[in-house]
Structure formats: structure tokens, C-alpha cells
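Peer 1: Below you will find the structure I want to go over with you.
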Amino acid sequence: MTDQPTPRTPEPPPMTADPSMTADPSMSAEPPPMAPPAAIDMPAPPPAYVPPPAAAPAKPGGMRAVIIVGLIVAFLAVVLYVVKDSGAADDLKVGDCFDIPTASTIKTVTHHPCTEPHGAEVFHVVEFSGSDMTTPLTFVIESFADATCTPVFATYTGIEFDNAPDLNFGWFYPTVESWQSGDRTITCYITRVDETPMTTSVKAGA
């Protein structure tokens with residue numbers, strides 16, 4: 001027996017570089033870097049919905065203003081009513097009915113129809129004709145008013161003063177300043193002794 005060589009598969013010859021061939025850069029083992037993707041012009045998303053703020057509660061100022069205006073109007077109405085019925089004390093005339101002021105020095109009085117409650121009624125207006133005084137002296141004025149107004153009381157009421165126990169009379173006279181300015185008016189008025197309001201005129205036949 002002779003030894004036979006083991007059959008072998010023939011190997012291809014090793015490849016050698018062909019110097020005529022130049023390396024293609026595009027055939028590099030590493031791929032070229034990719035350009036970043038172009039930005040796409042997309043419409044901006046709509047803004048998020050924000051609910052409107054809740055309406056603030058109405059301030060009370062408006063109502064307060066109405067109330068204040070209403071009060072002012074009411075106040076003016078009262079003032080106008082009072083002024084309408086008021087008059088200067090030295091403008092009182094015979095037959096005027098009014099409320100007697102409580103102050104010792106007065107400028108105005110509140111008039112009333114004699115059929116409404118009132119405190120006094122004018123029955124005589126006279127100019128002082130006594131002694132020449134530079135200032136009104138109380139006792140001199142009192143003496144003059146008593147002597148001058150008492151007989152007129154009977155003429156006006158139809159009753160003698162001494163026969164009218166429920167009635168009395170008083171008078172207004174000028175202040176010192178008014179007297180020195182030449183005012184000499186004495187105004188006599190009838191009132192009730194108990195100072196209760198009268199609701200009719202005390203003039204005879206009224």
C-alpha cells in the first residue's frame with residue numbers, strides 16, 4: 001500500500017491590490033455624516049385657553065350715593081318748607097299767626113294759617129313815641145306797650161283784657177343795634193296763658 005495524499009480543496013490565490021485602481025472616498029467604510037433635517041415651518045399652536053376673570057362684585061358706592069342724594073333732597077325739601085313759612089319778625093302784620101320763638105333775641109318766626117295750631121296772633125303794631133332813648137330800656141318799653149296795646153286788645157278781640165283770663169299778650173321790640181339805626185316798631189301779640197296752641201283766630205267775628 002502506498003500512502004495517498006488527502007485530497008484538498010484548492011484555495012484561491014490571495015488577492016493583490018491593483019495599483020491602477022484608486023480608492024473612491026465615497027466608498028469609505030464610514031458613511032458621511034448626515035445633514036440635520038431641515039426645519040419644517042409649522043403653524044404655532046393656539047394659545048392655551050385662559051378663562052376671563054370673574055366680574056368684581058358691584059361696590060356699594062353707587063347705592064350709597066343714591067341714598068346720600070336722596071337724603072340731601074329730603075333735607076332741602078324740609079329747609080325749603082321751613083323757609084317758605086318763615087318771615088322776619090319785624091315784618092309781622094296785624095292778623096298774622098305764628099309760633100313764639102324760645103330765644104331771647106329773634107330774627108325770624110314761623111308763620112301758620114290761623115286755622116292751624118299756632119302760638120300767637122299779632123293784634124297791634126305801633127311805633128314807639130315815648131321819651132327819646134339811645135337804647136331801648138325794658139321798663140320803658142313795657143310801660144309803653146301796656147298803655148298802648150291793652151285798649152287795642154279789647155277792640156281786636158271784642159273782650160276787655162281783664163275779662164279774658166285765659167288770654168295774655170306780649171310784644172317784640174327792636175334790638176339795641178336796630179334801635180340805634182332808627183327802628184322803633186313795637187309788635188303786640190296775643191297768646192294763651194297756659195301756652196297751649198290756638199287753632200282759630202282770636203279776632204272778633206273771625
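Peer 1: Quick check: anything in segment 140-159 of a type outside the set (D, E, K, R) and closer than 17 Å to Ser104 by Cβ?
Peer 2: The first filter runs over segment 140-159 and keeps only residues of a type outside the set (D, E, K, R), leaving 140-141, 143-145, 147-159.
Filter once more, so that each one left must be closer than 17 Å to Ser104 by Cβ: 141, 145.
Yes, some residue in segment 140-159 is of a type outside the set (D, E, K, R) and closer than 17 Å to Ser104 by Cβ.
Peer 1: Taking Thr138 as the residue in question, decide whether it is on the phi < 0 side of the Ramachandran plot, modelled with pLDDT under 95 and either in contact with a helix residue (DSSP H, G or I) (Cβ under 9 Å, 6 or more places away or on another chain) or open to solvent by less than 40 Å² (accessible area, probe 1.4 Å) (or both).
Peer 2: no
Peer 1: Would you confirm, using the coordinates I've provided, whether Ile190 is in contact with an Asp or Glu (Cβ under 7 Å, 6 or more places away or on another chain) and not basic (Lys, Arg)?
Peer 2: Judged against the criteria, Ile190 is a match.
Peer 1: Also, I was wondering about something else. Please go through segment 154-189 and give me each residue that is farther than 22 Å from Pro136 by Cβ and either open to solvent by less than 40 Å² (accessible area, probe 1.4 Å) or of a type in the set (D, E, K, R) (or both), ordered by number. Reasoning before the result, please.
Peer 2: From segment 154-189, those farther than 22 Å from Pro136 by Cβ are 154-167; that's our starting set.
Correct list: Ala154, Tyr156, Thr157, Glu160, Asp162, Ala164, Asp166, Leu167.
Peer 1: May I ask you to verify whether Trp171 is among the hydrophobic types (A, V, I, L, M, F, W, C) and assigned to a helix (DSSP H, G or I)?
Peer 2: Criteria not met by Trp171.
Peer 1: Also, I was wondering about something else. Scan segment 118-132 residue by residue and report those that are surrounded by 13 or more Cβ atoms within 10 Å (Cβ to Cβ) and not small (Gly, Ala, Ser).
Peer 2: Selection gives His118, Glu121, Val122, Phe123, His124, Val125, Val126, Phe128.
Peer 1: Residue pairs, Cβ under 8 Å, 6 or more apart or interchain, first in segment 129-142 and assigned to a helix (DSSP H, G or I), second open to solvent by 30 Å² or more (accessible area, probe 1.4 Å) and modelled with pLDDT under 90. List them.
Peer 2: Partner pairs satisfying both residue conditions: Val140/Gly130; Val140/Ser131.
The values are calculated or read from the model by the stated rules, or taken from the named source; none is laboratory data. In this text the structure is predicted, and so the values were computed from the model without any measurement. Cβ atoms come from the backbone with ideal geometry, glycine included; neighbour counts cover every protein chain shown. Accessible surface areas use protein heavy atoms only, side chains included; no ligands, DNA or RNA. Shrake-Rupley method; radii C 1.70, N 1.55, O 1.52, S 1.80 Å.
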